[in-house]
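Structure first, commentary second.
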Amino acid sequence: IYGKPVGLFDIPYQTYTIRVWGYIKKTDGSRGRDFYWEQKWFPPANTTNTQWSGSGSNVRLAVKKRQCWWDSVNGWNSGSGNLVNGKPSGSGISYGRQSTLAKNVGYQWTFWNMENGTTGGLSSYD
């Protein structure tokens, strides 16, 4: 399979997790670094973004996701977790980033780096 799943098209009203173990190919087609990527999605909820600069309310229906990333060159880039034989096992996960995606607003409505406290928000794409 090329690429990786990002989220469910029909958003459920329950929390779910996507875990992906894979590798990135080099430009010559050979196997490059291994990676582990995990996202935890939370059900839609009204979310406030004080940085909202588009038309309408600064409260929108949004889904929240938390994620972590590990690769065999840099280790844990975001978040952390247990390693077995030098690779993530998928257990003991601590997420490093959180973002919300709001309906009719665009990809990343708010962003929070859980490791260093960096925050941000984007205005409307519509």
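The values are calculated or read from the model by the stated rules, or taken from the named source; none is laboratory data. Computed from a prediction, not measured in an experiment: that's the story for all the values here. Here the Cβ is made from the backbone with ideal geometry for all residues, glycine too, and neighbour counts use every protein chain on show.
Observations, loosely collected:
- Restricted to segment 74-115, and to residues there that are of a type in the set (A, V, I, L, M) and modelled with pLDDT of 95 or more, the residue that is surrounded by the fewest Cβ atoms within 10 Å (Cβ to Cβ) is 84.
- For segment 86-103, the set of residues classified as touching a residue at least 12 places away in the same chain (Cβ under 8 Å) and either among the hydroxyl-bearing types (Ser, Thr, Tyr) or part of a strand (DSSP E or B) (or both) consists of 87, 88, 94, 95, 97, 98, 99, 100, 101, 102, listed by residue number.
- Residue check, residue 59 aliphatic (A, V, I, L, M) and either surrounded by fewer than 11 Cβ atoms within 10 Å (Cβ to Cβ) or modelled with pLDDT of 95 or more (or both): no
- If the condition is being at pLDDT 90 or above and part of a loop (DSSP other than H, G, I, E, B), then segment 4-23 contributes 14, 15.
- Boolean, residue 66 is buried (at least 18 other Cβ atoms within 10 Å of the Cβ), at pLDDT 90 or above and part of a strand (DSSP E or B): yes
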